[in-house]
Structures are given as C-alpha cells and as structure tokens.
Amino acid sequence: HGRGHAHNHAAGDTDRPVGFGRLQRKEDPRFVRGQGNYTDDVVLPGMLHGAILRSPVAHARIVSIDVSEALARPGVRAVLTGKDLEPLKLAWIPTLSYDVQAVLATDKVRFQGQEVAFVIADDRYAARDALESIDVEYDILPPLVDARHALDADAPLIRDDLEGRTDNHIQDWECGDKAATDAVFAKAEVVVTQEVVYPRVHPAPMETCGAVADFNPVSGDLTLYETSQAPHAHRTVIAMVSGIPEHKIHLISPDIGGGFGNKVGIYPGYVLAIVGSIVTGHPVKWMEDRSENLMSTSFARDYIMQGEIAATRDGKLLGLRADVLADHGAFNGVAQPTKFPAGFFNLFPGSYTWEAVHGKVTSVYTNKAPGGVAYACSFRVTEAVYFVERMIDRLAIELDMDPAELRLKNFIPASAFPYDNKAGFEYDSGEYEKTMRHAMKLIGYDELRREQQEKRTRGELMGIGISFFTEGVGAGPRKHMDILGLGMADGAELRIHPTGKAVVRISVQTQGQAHETTFAQIVAEEIGIPPEDIEVVHGDTDRTPFGLGTYGSRSTPVSGAAVALVTRKVRDKARLIAAAMLETRPEDLEWEKGRWFVKGDPSAGKTIQEIALAAHGTMQLPDGVDGNLDAEVTYDPPNLTYPYGAYFCVTDIDKDTGKVTVRRFLAVDDCGTRINPMVIEGQVHGGLTDGIGMALMEIIEFDSDGNNLGGSFMDYLIPTAMEVPDWETGFTVTPSPHHPIGAKGIGESATVGSPAAIVNSVIDALRPLGVTAMDMPCTPARVWDAMQGHAKAP
Ligand code: CDP
C-alpha cells in the first residue's frame, strides 16, 4: 500500500542512532529477498491437503450429503461432514461473542459460502477436484438479506438451532444518557437528522487465512501453524474446544501477510485441519483461496446508523443521538470484549463537547457470512468516527458554516483532559485545536477554499473534506476487557546474554507493522544496547510469554509498555550489580544511556555489556540477585490510549463521468511519543490507502437471494497505486500520561480517520448541485446518480 513519493511535513523528527528514530526495518531483508516464511510455505513430511465444500445458497435445509463418489476418487484420504464432527463435539464451536458457529453444517446452511464438507487428499488439486463429486441435496428456504427486515414478524428464522429462539434479534446495547439527551434536543434551535451507512467491507489481507495441523498420536502433541494475530489466545481456545491439553499444543504464527482483524477469529478451516490430522495421522494443510476469504472469512462494519444532532444557530453543539442497526450475519462472531457488544462505539461523541449524548445499537442475524471483525480499528471505533464526522459536516451544511470553524468552536479543550466523553470513555490526552490549526496551515486551507470558490464559478466540482477523529486503542484494562474470559494484558521477557546482546520475547504478533524493529528500539531506548543487538521473538507460544495479541492497535499501548517496563526492571537489577562491581551503593549511581556511573564521577562507571558479563560471571552478586540479567513482566494497561488526528482531503469530480479523484490528502496524526517515524508514516500511508478503498470502491453486497456480489477481486475492488495521491503527513506530539513511554497506537488511525474526510470531500464537491449526503462507496455510478438528484440518501 502507498506509493514512494509521499511528502512529509514532519521535518524535525529526531534521527537518533540508538533508541527512537527512523531506523530501517529489520524484517525487510528477508521479505525483499523472498525469505519470508508464511503458513503456506510450511511443508511437512507426509503432509496432506484439505479443501472445503461450501454452500452455494444462502439459506437451506440439508436433506442429505453423499460423499461416496468423492471418497472413491484417486488421492482422496478422507471426507468429513458435520455428522462426523458431532460425536467429537466439534460440529459447532464458540464464537468470539459467546454465540456458536457451525464448523460443518449439520442441519441447515445459513449463508452462501458456509462450510459443508472437508476433503483431505494427497495434494491440493485432488482435494479441490473431489469437492465436485460430493452430492448435497438442499431444501431451499427464503433468505433474509436486508437487516432492516430482520425483526419483521414474517422474517425467516435463521437460528432455529438455538433453544427457544423465535426471532433474529441478537442484542440491544446503549450508552450515554437518554433523558438528558431528549431534554437537550427539546430546547435546541437546530436539529438535523441523517442516515449514515457504513457498508459491509472486508479486510482482504494479501495472504488469505490458513493452517497446517500436525497431531502426533504417540506423544499427543499438536503443532499448529496458523495465520493468527493472537497465538496465545488461539491456543487456549483451541485447547478448550478440542480437549487437547494446552501444554500439548504448540501454536506457531509465522510471517503474516496482513491481518487487519481478519486473523483474530478461529475459523472452521483451522478446526478442520486439526481434525483432519487426527483422523488421517498425517499433517494437514488448509489454505483458503481469495473467494473463500472474501465470502466466508469475516466481514467488517455493516452498520446502518440513524443520526440526530442538536445545536444552537451559531454552531454550539448540544446533543447527539445514534440509533444503529448492526448486521452480524448468520453467527454472531463479532470480535469485541465481552462487556462491549457494540465494540468501542462509545467513541461516537468524537472530539467535541456535548451537553448530552445517547447511543443505541441493535444487532440482528441475517443470512450472510459471520464476522464483524475490527478491520484495522479498535472494535467499532471506525463506525463511530465515520458517523460523528459525517454528522458534523451535515450540521455545517445546515448552518451554512465552514466545517473547520464548526469543529474549532466545539473541540474538547486541552485543559479538560482527562476527559469523560459522556458515553463511558475517559480520553487520556489531546491538544485538538493545536493539531487542527497545524493541519490547516500545512494544507493551506484558506487558499484551498478560495480556489474552490473560483472553480465553482466555472462549474467545476472540487471538494474539501475534513475528518477530526479520536480513537481509543490498546485494550484492556483486563478487569473491563477480555476475549472469551481471557483478560487483555500482555507479557514481555527480556534476557541480556553474557556478551551484552539481548532477546526480548513478546506476546503480540506482527503482521507487517515492524515489531521486530520498533520493539528492539524500545529496549534500546531504555537500556542503551543498539537495536541491532536485540532480537525480538514473537508468534510462537513455546518461545513467548502469554498475552492477548495484536489487534486494535494494541501492540504499542500494551506490549510496548510491557517491553519498556521489563527493560526498566533489568536496568534496576543492573544497578545493583554495577554497585557491587564499583564497590559503592546503588543510590550513589546515576544512569545515562547504556551505563551506570558514580554520581559526581562520570569516569567511574560500568556499561550494560560489562554488567551483563559480570551477572553471568564469577563475582559475588549482592544478596537476592540471581546470576543473570533477565526479567519478565505482564502489563495490564490502566486505560486505553487516545490517538487522534486532523485529516484533510481534496477531491476533483469529473462532471461527465462522476469519477472522483483524490488530488491531495493530508494526515496530521498525534500518537504521542513516536518510536519510529518512518514506520509510523508507512502505517499511515497504508491506512490512508485502505480509506480510499472503502470511501470510493469497496463493498460487499448481496442480491435478493443472498448471493454474495463481492466474492472476487473482479467485483470487490481494492485500491492500487493508480488511485492514491502522494500522501502528505504531519504530526503533533501529545504523550499519553499513563503509558510508560507516552506512546499511543498508530497502526489504524488512518483507516479509522480517512473515509469520513474523503466522503465529506465528495459531498462538498457536489454541494452546488444540492447534494447534502451520500453513502460509501462513492463509485462513479453513485456519484453520477447523486449529480442527477437520484441519490438514495435524503
Ligand atoms: O498493534 P499494531 O502493531 O497493529 O499497532 P501499533 O501499536 O499502533 O504499532 C504499529 C507500528 O508503529 C509498530 O511497529 C509500532 O512500534 C509503531 N509505532 C511507533 O513507532 N510509535 C508510536 N507511537 C506508535 C506505534
């Protein structure tokens, strides 16, 4: 993602040799030389291959499945159906939201692409070919495609497998204060109503999901290579589900070709690879293809949001209401902490002060693939940000006010932090006005408005869109946040070898974010060992401490904190050893990067390398000090961190075709202390490209029979270098007060923040034609419709 020639307004970022700074990525040499090791690269002796037969229809009762012909084909070793899994209690598995999901359908199929049978054969081709010989008789049922009709009295009942179920309702959730919000609306001078739809999209990582399972019937050990963003949590859940003891499971997540939330869940294919290995006595590999990934393996978003905003005539924000209908598909597999059934939608008040807010989310089943994964965002933060930033612009149109001015007038002031957002979340720090003004200056906002005025007189369509977002990233704390009961905390272990080289073991899993580089930089910053002397180990349950993994930009806020603290623990221990070496008291020593020295006598000191050797050597160590320079910690974050940013998008629309061109895009991000500005820019470029995809082209739609219309890259369009501008970036630094190094997450800011800026820009371009709203994706056809006054949105 992202092109090479981006402008960076970030001059002034430090370029320090040790610790923080623009260090090149340690992992890149192996990737650019073709030495990456992905799950599909794993080849084990005697390995067999699995393929999944999927339902061609969205809703049907299974009358019969005949696998005899498939079994008779050359190279086929076994064919599994739901009936074979029932005695193993593996026909159904728990989802991340305490629902159950079918591994292989036994009674009904509930979405197009659902898993029906699993063929294991000598090679991938034999397995695929045999799928066509399986004869399934379906009794077709009416499908429920439109979530807006899910609760109708005559809607087909999807989850008749659940005891006592009579409708498709999953859950209602609320936040804020309804009565106070009603009162605010009653007195407001201006009230604007707007529907805002965040359509179903897909993370579509370059590498699809897959697993290689190797069960040893003699030792009872299961080795599982898996595309997993959360190896430890997966191992625990697989132990619980399969009955294989946890200490007998070794889960390895090798290199991952992009996760974006797609690799958080436990998919039927993983379970089938395990069962396949147990049944055949051979290692079994399962890798899904692109269409399987797009059709079956977890969608994102699908939120239909009714918004109402109340304000004074001169633009003081008063109240905000959100009433959301959430389409969760056929199984409630939404990824979120247990107490947060609407994820972090609590962030919907955004970056502004309100007298009162009220949010409500109702989730329903439909005959679509399950998911609701946090696609490059902290659970439902993206939906919340998109909602509020569209609503603010809608109000600006109503008030005929500049959208930048409206935002500036209502920002939470820097003095008000920590800030209770009235929807249950406490923002840690922010200087919103400063960041906004910095961005306006960098993009030349006033000049752009003048250019737009001039173009409008010539009938040209130019738009300027703004999004000012606040994210909450870095889940826990563990007492509030968990996945299936596992508290959100992360471990770190640091060992300094006798020669002063180090290895740090972490529980998060990089999927391209450069953890092998940046986590070494945190250790380097804290203890003065150069980053190239520090190995980062991750993605292997036998070699790393327990922790909840990487999603929701939690690596730096949680694991990064763990790494800083474990390094400080080692530094404290080094102080005791250095004092013994220098025959002085620990209190008399002072730290400078890389060494302890005697206060007032800088020449008397010991480097961390000298101390490491002494720790493992022959000297008499002080009482209570073990003969090593190692430590471990588990970090339980006290709160989320709240990164934010000011994004500006300039679009031009072709009057004759409706085609939108993003001419300029400026992202000014504040992620607190910046570890590696180059990595941060890379994260932002990728996220902005994702944002262009969602705003302009990506959508998974269904026809009235429930056929998925986005099941390949011919239909589900993702952006390429052709559609993206040269990104412009900038930054401000407002450290998190509760994070050991003041860092907030950055991995997902751009995906979260950018779609609203782009769509607001398109609407702004179309303002002279009377357009006030439009839903994503702003494809040429939709924009053309809007230009003709036919837009679906009011
Ligand atoms: O959890 P995930 O790695 O996806 O997201 P993150 O914690 O935001 O980190 C993404 C990458 O940016 C990591 O390599 C971080 O170390 C780096 N980063 C940084 O250099 N400075 C920050 N303040 C935040 C992240």
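Given the condition closer than 30 Å to residue 525 by Cβ and either crowded, with 21+ Cβ neighbours inside 10 Å or aromatic (Phe, Trp, Tyr) (or both), answer yes or no: does some residue in region 81-93 qualify? No, region 81-93 contains no residue that is closer than 30 Å to residue 525 by Cβ and either crowded, with 21+ Cβ neighbours inside 10 Å or aromatic (Phe, Trp, Tyr) (or both).
Taking (1) open to solvent by less than 10 Å² (accessible area, probe 1.4 Å); (2) away from the ligand (no atom under 16 Å from the Cβ) in turn, residue 259 satisfies each apart from (2).
For region 94-125, taking the residues that are open to solvent by 20 Å² or more (accessible area, probe 1.4 Å) and among the aliphatic types (A, V, I, L, M), the one that is modelled with the highest pLDDT is identified as 100. For region 265-286, which positions are open to solvent by 20 Å² or more (accessible area, probe 1.4 Å) and under 24 Å from residue 94 (Cβ atoms)? Listed by number, the residues that qualify are 266, 278, 279. Residue 315 passes every criterion in (1) open to solvent by less than 10 Å² (accessible area, probe 1.4 Å); (2) at negative phi; (3) at pLDDT 95 or above apart from (2).
Can you say whether residue 404 is farther than 25 Å from residue 480 by Cβ and within 23 Å of the chain's Cα centre (by Cα), as far as the supplied structure shows? Against the criterion (farther than 25 Å from residue 480 by Cβ and within 23 Å of the chain's Cα centre (by Cα)), residue 404 does not qualify. Only residues that are within 15 Å of the ligand (Cβ to nearest atom), open to solvent by 10 Å² or more (accessible area, probe 1.4 Å) and out of contact with any strand residue (DSSP E or B) (no Cβ under 7 Å at 6 or more places or on another chain) were counted across region 532-554, and they come to 1.
Number of residues in region 555-570 that are near the ligand (Cβ under 8 Å from one of its atoms) and over 21 Å from the mean Cα position of the chain (by Cα): the value is 0. Can you spot a residue in region 435-456 that is part of a loop (DSSP other than H, G, I, E, B), among the aliphatic types (A, V, I, L, M) and out of contact with any Ser or Thr (no Cβ under 6 Å at 6 or more places or on another chain)? No, that holds for no residue.
Just checking, does region 216-223 include any residue being open to solvent by less than 10 Å² (accessible area, probe 1.4 Å) and either of a type in the set (Phe, Trp, Tyr) or under 23 Å from residue 62 (Cα atoms) (or both)? No, every residue in region 216-223 fails to be open to solvent by less than 10 Å² (accessible area, probe 1.4 Å) and either of a type in the set (Phe, Trp, Tyr) or under 23 Å from residue 62 (Cα atoms) (or both).
Yes or no: residue 451 under 27 Å from residue 754 (Cα atoms) and surrounded by fewer than 24 Cβ atoms within 10 Å (Cβ to Cβ)? Against the criterion (under 27 Å from residue 754 (Cα atoms) and surrounded by fewer than 24 Cβ atoms within 10 Å (Cβ to Cβ)), residue 451 qualifies.
Where strands (runs of 3 or more DSSP E) fall entirely within region 638-756, those with at least 1 residues that are within 16 Å of the ligand (Cβ to nearest atom) and touching a Gly at 6+ places or on another chain (Cβ under 7 Å) are at 644-653, 660-670. The single condition from (1) at pLDDT 95 or above; (2) open to solvent by less than 10 Å² (accessible area, probe 1.4 Å) that residue 568 fails is (2). Out of 136, 196, one residue alone is of a type in the set (A, V, I, L, M, F, W, C), modelled with pLDDT of 95 or more and open to solvent by 20 Å² or more (accessible area, probe 1.4 Å). It is 136. For region 399-412, the tally of residues that are surrounded by fewer than 18 Cβ atoms within 10 Å (Cβ to Cβ) and in contact (Cβ under 8 Å) with a residue 24 or more places away in the chain stands at 5. Looking only at region 502-528, count how many residues are open to solvent by 10 Å² or more (accessible area, probe 1.4 Å), closer than 15 Å to residue 607 by Cα and more than 12 Å from the ligand (Cβ to nearest atom). Count: 2. Only one of the numbered conditions (1) in contact with an Asp or Glu (Cβ under 6 Å, 6 or more places away or on another chain); (2) modelled with pLDDT of 95 or more; (3) surrounded by 24 or more Cβ atoms within 10 Å (Cβ to Cβ) is violated by residue 376, and that is (2). Using beta carbons and a limit of 6 Å, which pairs, at least six apart or on different chains, have the first residue in region 706-723 and closer than 16 Å to residue 290 by Cβ and the second one crowded, with 16+ Cβ neighbours inside 10 Å and of a type in the set (Ser, Thr, Tyr)? Here the result reads 710/716; 711/291; 712/291, each pair linking region 706-723 to a residue that is crowded, with 16+ Cβ neighbours inside 10 Å and of a type in the set (Ser, Thr, Tyr). Quick one: is residue 773 surrounded by fewer than 24 Cβ atoms within 10 Å (Cβ to Cβ), among the small types (Gly, Ala, Ser) and in a loop (DSSP other than H, G, I, E, B)? In short, yes. Candidates are the residues of region 458-474 that are part of a strand (DSSP E or B) and of a type in the set (Gly, Ala, Ser); the one that is surrounded by the most Cβ atoms within 10 Å (Cβ to Cβ) is 467.
The set of residues in region 416-428 that are farther than 18 Å from residue 320 by Cβ and buried (at least 22 other Cβ atoms within 10 Å of the Cβ) contains only 428.
Considering 691, 645, the condition of being in contact with a strand residue (DSSP E or B) (Cβ under 8 Å, 6 or more places away or on another chain), of a type outside the set (S, T, N, Q), under 18 Å from residue 755 (Cα atoms) and at pLDDT 95 or above is satisfied by 645 alone.
The values are calculated or read from the model by the stated rules, or taken from the named source; none is laboratory data. The model shown is predicted, which means the values in this text are computed figures rather than measured ones. In this analysis, Cβ positions are derived from the backbone assuming ideal geometry, glycine residues included, and neighbour counts consider all displayed protein chains. Areas reflect the complete protein model, heavy atoms only, side chains present, ligands, DNA and RNA absent. Shrake-Rupley method; radii C 1.70, N 1.55, O 1.52, S 1.80 Å.
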